[in-house]
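The values are calculated or read from the model by the stated rules, or taken from the named source; none is laboratory data. For clarity, every value in this text was computed on a predicted model and none was experimentally measured. Cβ sites come from the backbone with ideal geometry, for glycine too, and all protein chains shown count toward neighbours. Side chains included, ligands, DNA and RNA excluded: accessible areas come from the protein's heavy atoms. Shrake-Rupley method; radii C 1.70, N 1.55, O 1.52, S 1.80 Å.
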Amino acid sequence: SSGINAEWPLRPGDLVDVFKDEVFHMGGDEVKGACWNTSSEIREYMDAKGWSKDEEGYMKLWYEYQTKAAKAYLKARGLDNSLKQHKAIVWSSSMTKGENIKYLNQSNIDYIIQFWGNLSDPLEQEHLRNIVKSGKQVIMSNFDDLYLDCGFASWVKGKGHNWCAPFKPWQGIYRRNYDEWFETNANLSGEALKEVLLGAEAAIWTEQAGNDNILTRIFPRTWALAERLWTNPLGIKAENSTEQGSWREAEERLLYFTEQIKERKIEGLSNQFPKSDVMKPRWCFEFPGNCFVEEAQKEEEKEDDDDGDSGAGRPGCVTWFWLLLPMIIERAL
């Protein structure tokens with residue numbers, strides 16, 4: 001059917017020639033059978049094939065499309081279509097859930113799955129285990145940690161915030177230890193895990209991001225992700241821990257790096273746009289370790305106790321004054 005054209009974006013001279021990487025991302029995100037059902041041409045095509053207009057029928061239609069797209073991709077790259085040694089990436093989807101993943105396993109391409117589900121959702125946890133059990137390699141982009149456009153105002157629905165709120169702070173990204181997750185939830189570790197888990201990628205969608213704000217959405221959060229993935233520090237999860245591997249221990253280092261990047265001239269990047277979001281007031285960079293308000297307050301309370309003053313009802317006023325003073329001065333200047 002002319003309405004099911006899998007080849008147009010994959011012809012030589014189009015996307016395949018633009019992106020010359022060894023592995024090509026073929027998309028496959030949020031395919032909606034209900035949308036296909038609105039097309040009379042597609043309904044007639046499915047009737048001719050004898051396919052039911054339910055999930056099973058739509059999976060057959062999707063698999064046919066994906067097979068055509070895979071052949072077009074291999075042809076555009078000049079690769080042997082009969083060998084199952086070529087790789088491509090697709091998003092996790094209804095085709096990677098349950099028995100549906102059999103369609104990807106029948107393909108002449110070895111698909112890598114980029115998983116975007118919520119790791120806090122038991123159903124999505126099972127979804128990821130299903131992908132791994134099928135023998136597929138994965139790239140983690142779980143939206144509960146790695147979608148950097150979450151937590152801002154809604155532009156589609158009228159709920160006041162976007163669908164994947166809340167905002168994903170760098171501390172949460174840093175604390176996500178994927179090795180621990182797979183060992184605990186999928187019984188994978190060591191060399192076996194290295195064969196399955198290729199890495200992770202933070203995602204920023206541009207419906208509400210552009211030249212004037214995209215770098216502040218991306219940095220410093222992806223620097224936290226980089227340290228997590230490259231060094232994978234010990235999984236210290238205590239909220240206020242300053243032990244090696246905790247986000248508290250990494251904070252001053254990340255703050256220093258962020259300030260250095262702000263001062264650096266980067267070729268091809270206009271200085272009119274900020275290179276990173278602001279982590280803390282400049283004073284906190286100049287006086288490292290002095291911006292943890294609750295710790296400073298506890299020290300004041302301890303000193304009060306030593307002086308015989310309980311300090312009850314006095315919320316660390318001195319601490320707040322010194323934290324606010326540099327901000328007041330900056331605004332005045």
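A few comments on the model shown:
- To the nearest 10, the accessible area of Thr38 is 110 Å² with a 1.4 Å probe.
- Measuring only protein heavy atoms, the 1.4 Å probe finds Lys97 accessible over about 90 Å².
- Protein-only accessible surface order, largest first, of Phe257, Phe143, Phe115 at 1.4 Å: Phe257, Phe143, Phe115
- Counted charge near Leu146, where neighbours are those whose Cβ lies closer than 12 Å (Asp, Glu -1; Lys, Arg +1): 0
- Distance violations [Cα-Cα > 25 Å] among Lys71/Lys136; Lys133/Lys194; Lys53/Lys75; Lys20/Lys102: Lys53/Lys75; Lys20/Lys102
- Solvent-accessible surface (1.4 angstrom probe) belonging to Ile204, in square angstrom, nearest 10: 40 Å²
- Residues in segment 184-229 average 53 Å² of solvent-accessible surface per residue, probe 1.4 Å, ligands and nucleic acids excluded.
- The equivalent ellipsoid that matches the C-alpha gyration tensor of segment 103-149 spans semi-axes of 22, 13, 7 angstrom, in descending order.
- Accessible area in square angstrom per residue, segment 52-155, 1.4 angstrom probe: 42 Å²
- Ranking by accessible area, most exposed first, for Arg175, Arg228, Arg264 with a 1.4 Å probe: Arg264, Arg175, Arg228
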